[in-house]
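The values are calculated or read from the model by the stated rules, or taken from the named source; none is laboratory data. Just so you know, these numbers come straight off a predicted model, no measurement behind them. For neighbour counting, all protein chains shown are included, and Cβ atoms are generated from backbone atoms with ideal geometry for every residue, glycine included.
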Amino acid sequence: MKIIYKIFFFTMSLIIFTITFSILSNKLFLNTYYLDIKQNDLIVIAETLDTQKLVPEEKKSIDLNDDVSYNFIPIRVLDDFRNKSVKSFNYRHYNFEMLKFRRGPAMLKLVIRKTPEGQYALITTLDQVQKAVDISNTFYIYVGIVSFIISIPFVVIFSRYLSKKISLINNNIKEIIGLNFSEKLDLHSKDEFGETANNLNLLSQTLENNLQNLQNMNAELQKDIDYERKKEQDTRNFITAITHELKTPITIMNTHAEYIAGGYADTKEDLQEYADEIISEGQHMSGLIDQLLTLLKSSSFLNSIENENFDLKTFIDSMLSKYNVDLEEKKTVLVTDIKKSSIVHTNKTLLRQVFDNIMSNAVSFVPDDGTGEIKILSYSKGDFYTIEVINNGPRIPDELIDKIWDPFFKEDVSRNRKYGGTGLGLAIVKGVLDKLGCSCGVVNLENGVKFWFDIKKA
């Protein structure tokens, strides 16, 4: 059943109950209550009346109030009263008689003193209470019917008023259950309904904020999960790549060693060729292991390494000296433009690894026909100095440009291993700079490739 019908039936039932209770109370208790009042009035007068001062007469009446009189009644008259008695009873240690006549109202008599000549008595009339009760009950019935009819529209309006507010509150709760917090409840009321609406709005806002926080936490957790999954997958790929990179030179070394041991080297030249291959692959494997150790060190122990202030130009000039022989061999032109007094704050050992790997990559990819050129530039950018290493070697394919920072990635698998062709150099650069809070990148130019990285200013 809808709440509006419940409110209507409850209110109308309350009205009917009130009217019915009034009628029954009149009918059952009003006579007794009225008689009790009359008895108390007579007792109060009897206790205060001085009968000793009264002079016996044939008949004397003294009005004491509106409906109570004092009477001296002779014996002969008393006999008439006695014959008219309806009921005799005791009330609070007093003897009462109810008298009834054919004409006139019923009487209530209290005898307070008897003498040989007669008796003193207090007599009061008993109004026709039953008639008054009947009239009153009839009146209540008419009033009840009229009240019932008049109250119907008011009860209907009141029921709709309450039902509307309850329905609004219920709908708002459903919206909250459905995680829709956009709807706000405004009842424009200062009563309990208004307070409930304000509390629901506060609850809705609190739940919305908590849900948003939970979603943010879930998003962060999902990022962490995705990161850990990627890290785990990268670790698997890294281990697979290491296995492959180590297995290849070992296989070559074993093959050539078996050739030598099996006597397949018929000449001294063949023997020397096999030995040179074994030495070359051994050197490559040694370089690979060194690079692996460098990568692990930069990733695991960077936080324990202290930074220092030093001049960037002086540092780069000292680093370039180790490449003089290779640059002369390839007839490569080196152009530098490093600003003086460029003081940076970082770890010199790690920066050396970064610059060395980028420079080695540039040297390895410049043309060998004497047209090679490498430029090293620096400029200020906010809290950083940006270093650019530009070479006029072949462009990196667009589909591979984002993969060059991955461990063991090689753009050209056939390139010479002399300049660190392990595929770890740029991975080391990326790992070190990430830990240092610095950025790096690569851009294809019209005639070459530009690598850049940032270093924090002092």
Next on the checklist: Can you confirm whether Val354 is part of a helix (DSSP H, G or I), buried (at least 19 other Cβ atoms within 10 Å of the Cβ) and touching an Asp or Glu at 6+ places or on another chain (Cβ under 6 Å)?
Outcome noted: no
Checklist entry - Looking at this structure, is Val432 surrounded by 15 or more Cβ atoms within 10 Å (Cβ to Cβ), within 30 Å of Ala458 (Cβ to Cβ) and at pLDDT 80 or above? => result yes
Checklist entry - From Ala219, Ala257, Ala275, which residue is at pLDDT 75 or above, in a helix (DSSP H, G or I), of a type in the set (A, V, I, L, M, F, W, C) and within 30 Å of Asn180 (Cα to Cα)? => result Ala219
Item to check | Single match in Ile374, Ile358, Ile387, Ile338 (criterion: in contact with a Leu (Cβ under 9 Å, 6 or more places away or on another chain) and either among the polar types (S, T, N, Q) or over 28 Å from Phe408 (Cα atoms) (or both)) | outcome: Ile338
Item to check | Selected residue (criterion: farthest from Ser22 (Cα to Cα)) from residues of the stretch 141-191 that are without any contact (Cβ under 8 Å) to a residue 24 or more places away in the chain and of a type in the set (Gly, Ala, Ser) | outcome: Ser182
Next on the checklist: Can you tell me how many residues within the stretch 369-384 are closer than 10 Å to Thr332 by Cα and either touching a Phe, Trp or Tyr at 6+ places or on another chain (Cβ under 8 Å) or surrounded by 12 or more Cβ atoms within 10 Å (Cβ to Cβ) (or both)?
Outcome noted: 4
Item to check | Number of the condition not met by Ser13 [criteria: (1) within 60 Å of the chain's Cα centre (by Cα); (2) surrounded by 15 or more Cβ atoms within 10 Å (Cβ to Cβ); (3) of a type outside the set (Lys, Arg); (4) at pLDDT 80 or above] | outcome: (2)
Item to check | Per-region count, the stretch 325-351, residues surrounded by fewer than 17 Cβ atoms within 10 Å (Cβ to Cβ) and within 60 Å of the chain's Cα centre (by Cα) | outcome: 9
Item to check | Selected residue (only one of Glu232, Glu228 is assigned by TED's automatic domain parsing to the domain that holds Leu288, part of a helix (DSSP H, G or I) and either touching a Ser or Thr at 6+ places or on another chain (Cβ under 9 Å) or modelled with pLDDT of 85 or more (or both)) | outcome: Glu228
